[in-house]
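What follows is a set of notes on a single structure, which appears directly below.
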Amino acid sequence: MNIDVRSVQRATVGRGIAHDSARKHVAGEADYIDDMPELPGTLHAALVTSPVAHGKLIALDPAGALAIESVVAFCGPDDIPGHNDIGPILPGEPLFASEIVDYVGQPLGVVAAETFEAAVKASRAVHVDVEEREPVLDVETAHEAESYVIPSQTVAEGDVEAGLASAEQLIEGRLEIGGQDHFYLETQIAYAIPGEDGDMTVHSSTQHPTEVQHHVAHVLGGLANSVDVFVRRMGGGFGGKESQATIIAAAAALLARKTRRPVKLRLKRSVDMSATGKRHDMVATWKAGVRKNGRIEALDIEYLARAGNTPDLTGPVITRALTHSDNSYFIPAARFVGHACKTNTVSNTAFRGFGGPQGIIAIETIIDQVARELTLDPNVVRAINYYGPETGEVTPYGQPVEHNRLVEVTETILATSEWQRRRAEIDAHNATSPVLRRGLAMMPVKFGISFNLTSLNQAGALVHVYQDGSVHLNHGGTEMGQGLFMKVAQVVAEVFQVDIETVKITATATGKVPNTSATAASTGSDINGMAAYNAATAIKGRMTNVAADHLEVPAEEIVFREGRVHAGNRSISFAELAKHTWAARVQLSEAGYYATPKIHWDVKTLKGRPFFYYTYGAAVAEVAIDTLTGESRCLRADLLQDCGASLNPAVDLGQIEGAFVQGMGWLTCEELWWDEKGRLRTIGPSTYKIPGSRDVPRDFNVAILENAPNGEETVFRSKAVGEPPLMLAVSVWLAIRDAIASCGQPGISPKLKAPATPEHILEAVDDIRARGSATGVA
Amino acid sequence: MNAETKAAEAIRFVLNGKTVEFAVRPDTTALDLVRLHAGLTGTKEGCAEGDCGACTVLLRRGDGPRQAANACIMTAAQLDGTELTTVEGLKHDGALTPLQDAMAQNGSSQCGFCTPGIVMALTGLIEENPEPEETAIHDALAGNLCRCTGYRPIVEATKVAAKAKPASIARSVLPPLRSEIAVGGCVLHQPGDLAGLLELRGRYPDAVLLAGGTDLGVARADYHSGWDRIVSTAHVRELRAITATRDEWTFGAAVTWEEVLATVADDYPSLATLIRRFGSTQIRSMGTIGGNIGTASPIGDGPPPLIALGATITLASRADGERSILLEDFFLDYRKTAMRPDEVIISVTLPRLKDGELFRVYKLSKRYDQDISTVCGAFWLRMEGDTVSECRIAYGGMAAIPKRAKSSENKIIGRPLDSESTRAAVEALSDDFSPLSDWRGSAEYRMKAAGALIQRLAHDAAGETVEVMAL
């Protein structure tokens, strides 16, 4: 494909068309799995989970549960006909703990009853006896014992020791980075319907129907071709339904197999938040060798990531943290190390950004610390360390930084946010305001697009044109609210030059498009859009030949436009051509396929070109903090995000704003809190606080970078947008640090934990005030 | 009580314009009734604890407006004789309302799961306040979480819709309330007057005394225990009364917080600000002042300001009649009160503020809206010139009960509210409190924050507002 969007006015692609289900959403007519009409005989299920963080399972006795009226069945580890293993990457991750329990909330079994209420009660009536052992609840303890779920990873380039030894200044620091619950509004759910020959149909709220298919088959002891998985829509995913949905689907399928009845398993919110994984909290420590002008010459960062009890996706999450620890900065000598610490807490998993946010907040905190300790302007320190726009400087993992837009996004955001004026105003305000302090910060984001693991970067689509000219679209991507279905439909409508209503969006189905990758890593529209483009283009080519025959012109003269097919001043409708194509016995259906080009990755050396391209963004945030109570508020945020040539600016804008607010939540109000027994105590919205409407910056200016087609040949030169803007919220974190820094002497860098709750802010304010008089410029 | 002899065998109410009856146990949650029994699946379950708003419906009781409420923690017991509207009841002749239309066109939904609840919350707002300011929109959305959009397009769509003329709302005739309903072994009593309530309370001291149900309903929604007998306070005439004299306000125990809010905004603006952060519209439209006190939570936001204002509480039983005590004497220990098993709370009486009196209440939490207080501090001062002549300070979140800070009070009384007395009052807090550490804050933070609120008071008294939300 060779497309230059600057010269082409497109009919459908590039238009801000509303989400395909928007009118159904507002009317309550969009059906989620729990809203589907239930088949006769449907049972409801509930998970039985571990009450303790670590121990030997002595007994798991369902007698008490089965004695409850209307309770029908129980399945535990001994009732699995196939394999008790649902590890998404590595084997050895049980569906139900069988000998050792490893965290509070770990699934041990599942019960089915005629009603949901009875199932919930029954789940509590299963007798669980565990011989308790001392749990490991924090990453430092695990690290000291070198207890990791997978081998540690290192991204390295250059001579770090020499760089640190010869540096003009050594900067050292530590940052605690909190985790995050996905808090998708629809909790995890699956509806399993048994069929003949041991077949199983599963409606699953999953980002990864193929993985659900494979693991359900594996657990049931069958082959993949015996399981059909359908996903029409999820009520939010954010990475939380990438690997974790498998647990729910497999448990439902087990019961469906055992009872020969349809089984629906929906998790209560508290169970969902206890049993399923979250964003990895990490502790980062670093040493940076810098010049007096702020140039970082050598950087050593070590991450202790809370893997939880199993690997799940921790390996690639750490890889992405390490490959984003440079963010936008060329660091000649770098060593980034990540340890996957094994703890007796839930196994952490994918969450929007997938390690990238942890890497980026670490390096941005380092940059901020360097600037403060050298009393330099943080923006100057950023600029001096940027990857050069023309140099093609290479990242520590070996990928040249091409099509670099860092300077463009930075200069644009500094101008549109009126940085200079506001910086002066805020400094003046802080000089005369003892209690309320303001802070301002700018930061860039460079985010690599593609799954780090090269093999995942492939997609399929299935397009049918029917004889009435209507189009059926199916692809491997799933809809979790991000607008993927509409974007891909726009691509197909564009190819055929038909109205968007002509294209029917259909549920993701493993029987239509097989062997798909998770809808994850922001790649949904890139890879599925291109697969659908290829399918539609192939059909269009065949239809063009039919049209040429029918209209008696050479194929080159056939033009598809506005729902019609033209040859000179003659035309027929798209529907008529479809009919002619059928009559001519020419295929009107195509399975499209796409594999992302150019990428390669060596998982042993962590070198290669993992990313097809980079996307860029920048943000400026202004906050106020109350130095008495530690409360904070984001007063203004200005965001600029590179979407390439956006397929749908309305959808992309929604992704940018939503991701930013989600990122703000991660860094401000969302705090996971475990007690000394390893019980997570923030397992519902009354205790786990995601942002509300008033938390959105009062003044919120969001823009998509204009005239910025992707330098690589992506679908209509668009760029991925799902994850990158989440990291723009690091600007809020930096602005809070800026406000705290105003309470200390010049040369002192704040020590702030993430999330910046009122408690953590107050702690940092008190700390910087206490250090203020004792320390001069470091 | 009226003269019906036989208990009714179904809950009867108006659902989306039609009178319906459901023979469900009265302790069935309204959400289960709507989704499972009525087959209306537009209303979603997001949390089953009244905090996410995905289950928001509109409820009309008596002559009142349609108010947003959480179906998940409401029970069928609260529906008899009301009008309930779910998202399925909004469309007019098959067309979306202007709000729904504006939301669909403005990118106000992504995954769409929270959307019906948000539509209902905002519909409730616009019906009462057709051209809401941004602040009112945030107030209305405080009980609704959206994880996808970042809210801006929802707020924008509300402004767009507010300019369109909403369709007129047909008010249904409400079916009369029944005094007793018994289904499936669960009996609901709905007395209409105090005598009836006291008789039932005396006869069934173990029955669930159900006011707004915003606390009890959370346990019910978690399917922990069924209720076999419920005595509702919601329709007791005397408990629904608000009376004002020159010196005081008296709120019947079954007056909802929304009704309190509408009443106190002029007299106690600081209390009104707190109440707006107290749960959400959904919670406040159901939750009552008496229930908030009776449930005796150490972190309830009602008691600290009421104690600081010097509120008294009136209790009654059939055997011994009425008695009034200071609210601060009502709380004995964690979830333990001075209320006897045969008693009910009848009313709460608040003195009006007089010249020279200063009242402020401050709440600290991780999130501004719909969060439970880490610390809530309330302050009432009587000034004579520059000197504090009398003072009451009460905190929530600092002890097993809402409690006065008498040591701190003593450091202020007889002195001006200056940096010296403030510092002494802050230091004295450690004589009054040794708070716990939990997910809302460590003991250290709670102590520091409680002191910070005294310092904030001093700034406030000097006419200087120092709060980030005021910026």
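The values are calculated or read from the model by the stated rules, or taken from the named source; none is laboratory data. In this text, all values refer to a predicted model and were calculated from it rather than measured experimentally. Note: ideal-geometry Cβ built from the backbone for every residue, glycine included; neighbour counts use all protein chains shown.
Wholly within the stretch A:598-652, which strands (runs of 3 or more DSSP E) include no fewer than the required count, namely at least 1 residues that are surrounded by fewer than 24 Cβ atoms within 10 Å (Cβ to Cβ) and over 21 Å from the mean Cα position of the chain (by Cα)? First the steps, then the outcome.
Working: elements: A:600-602, A:607-609, A:613-626, A:632-641.
Output list reads A:600-602, A:607-609, A:632-641.
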query = Within the set of pairs 6 or more residues apart or between chains, which connect a residue that is touching a residue at least 24 places away in the same chain (Cβ under 8 Å) inside the stretch A:561-577 to a residue that is acidic (Asp, Glu) and assigned to a loop (DSSP other than H, G, I, E, B) with Cβ atoms less than 6 Å apart?
reply = A:563/A:499; A:575/A:468
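Is it the case that residue A:253 is outside the structural domain of residue A:521 (by TED's automatic domain parsing), modelled with pLDDT of 95 or more and surrounded by 24 or more Cβ atoms within 10 Å (Cβ to Cβ)? Lay out the reasoning, then the answer.
On the way: outside the structural domain of residue A:521 (by TED's automatic domain parsing): yes; modelled with pLDDT of 95 or more: yes; surrounded by 24 or more Cβ atoms within 10 Å (Cβ to Cβ): yes.
Yes, satisfied.
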remark   = The residue that is surrounded by the most Cβ atoms within 10 Å (Cβ to Cβ), considering only those in the stretch A:9-66 that are within 26 Å of the chain's Cα centre (by Cα), among the β-branched types (Val, Ile, Thr) and within 13 Å of chain B (Cβ to nearest Cβ), is A:26
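Looking only at the stretch B:223-239, which residues are outside any strand (DSSP E or B) and surrounded by 19 or more Cβ atoms within 10 Å (Cβ to Cβ)? Please lay out each step first, then the result.
Looking only at the stretch B:223-239, we keep the residues that are outside any strand (DSSP E or B), and these are B:223-228, B:233-239.
Listed by number, the residues that qualify are B:223, B:227, B:233, B:234, B:235, B:236, B:239.
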ask   = Only one residue in B:446, B:440, B:392 is farther than 30 Å from residue A:680 by Cα and at pLDDT 95 or above. Which one?
value = B:392
ask   = Could we say that residue B:27 is part of a loop (DSSP other than H, G, I, E, B), touching a residue at least 60 places away in the same chain (Cβ under 8 Å), within 12 Å of chain A (Cβ to nearest Cβ) and within 27 Å of residue B:139 (Cβ to Cβ) here?
value = no
request  = Please work out if residue A:12 is hydroxyl-bearing (Ser, Thr, Tyr) and closer than 30 Å to residue A:224 by Cβ.
outcome  = no
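Would you confirm whether any residue within the stretch A:583-592 is hydrophobic (A, V, I, L, M, F, W, C), within 14 Å of chain B (Cβ to nearest Cβ) and surrounded by fewer than 23 Cβ atoms within 10 Å (Cβ to Cβ)?
As a first pass, look at the stretch A:583-592 and keep what is hydrophobic (A, V, I, L, M, F, W, C): A:583-584, A:586, A:588, A:591.
If we keep only those that are within 14 Å of chain B (Cβ to nearest Cβ) too, we end up with none.
The answer is no; no qualifying residue exists.
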inquiry  = Can you find a residue that is out of contact with any strand residue (DSSP E or B) (no Cβ under 7 Å at 6 or more places or on another chain), more than 21 Å from residue A:116 (Cβ to Cβ) and not in a strand (DSSP E or B) anywhere in the stretch B:66-76?
reply    = no
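Of these, A:690, A:736, which one is within 30 Å of residue A:628 (Cα to Cα) and in a helix (DSSP H, G or I)? Walk me through how you get there before you give the answer.
Details: A:690 fails: in a helix (DSSP H, G or I).
Every option except A:736 fails the conditions.
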key: Boolean, residue B:444 is within 19 Å of residue A:629 (Cα to Cα), within 12 Å of chain A (Cβ to nearest Cβ) and part of a loop (DSSP other than H, G, I, E, B)   = no
request  = Collect the residues in the stretch B:132-189 that are of a type in the set (A, V, I, L, M, F, W, C), more than 8 Å from chain A (Cβ to nearest Cβ) and not in a loop (DSSP other than H, G, I, E, B), keeping them in residue-number order.
outcome  = B:136, B:140, B:157, B:160, B:161, B:162, B:181, B:182, B:183, B:186, B:187, B:188
ask   = Considering the stretch A:270-290 alone, what residues qualify as being surrounded by fewer than 24 Cβ atoms within 10 Å (Cβ to Cβ) and out of contact with any helix residue (DSSP H, G or I) (no Cβ under 9 Å at 6 or more places or on another chain)?
value = A:270, A:274, A:285
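Yes/no per residue for (1) modelled with pLDDT of 95 or more; (2) within 13 Å of another protein chain (Cβ to nearest Cβ); (3) surrounded by fewer than 24 Cβ atoms within 10 Å (Cβ to Cβ):
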{"position": "B:48", "(1), (2), (3)": "yes, yes, no"}
{"position": "B:52", "(1), (2), (3)": "yes, yes, no"}
{"position": "B:56", "(1), (2), (3)": "yes, yes, no"}
{"position": "B:62", "(1), (2), (3)": "no, no, yes"}
{"position": "B:68", "(1), (2), (3)": "yes, no, no"}
query = For residues in the stretch B:367-418 being outside any strand (DSSP E or B) and of a type in the set (Lys, Arg), which is surrounded by the fewest Cβ atoms within 10 Å (Cβ to Cβ)?
reply = B:406
ask   = Yes or no: residue A:82 within 30 Å of residue A:456 (Cβ to Cβ), among the small types (Gly, Ala, Ser) and in contact with a Gly (Cβ under 6 Å, 6 or more places away or on another chain)?
value = yes
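Within the stretch A:153-224, considering only strands (runs of 3 or more DSSP E) that don't extend past its boundaries, which have at least 2 residues that are away from chain B (no Cβ under 14 Å) and polar (S, T, N, Q)? Working first, answer last.
Values: elements: A:153-157, A:169-177, A:189-194, A:200-204.
Passing ranges, in order: A:153-157, A:200-204.
Look through B:310, B:300 and report the one residue that is over 18 Å from the mean Cα position of the chain (by Cα), in a loop (DSSP other than H, G, I, E, B) and farther than 18 Å from residue B:197 by Cβ. Reasoning before the result, please.
Working: B:300 fails: over 18 Å from the mean Cα position of the chain (by Cα).
When all the criteria are applied, what remains is B:310.
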query = Of the residues that sit in the stretch B:313-359 and are within 20 Å of the chain's Cα centre (by Cα) and in a loop (DSSP other than H, G, I, E, B), which one is farthest from residue B:459 (Cα to Cα)?
reply = B:335
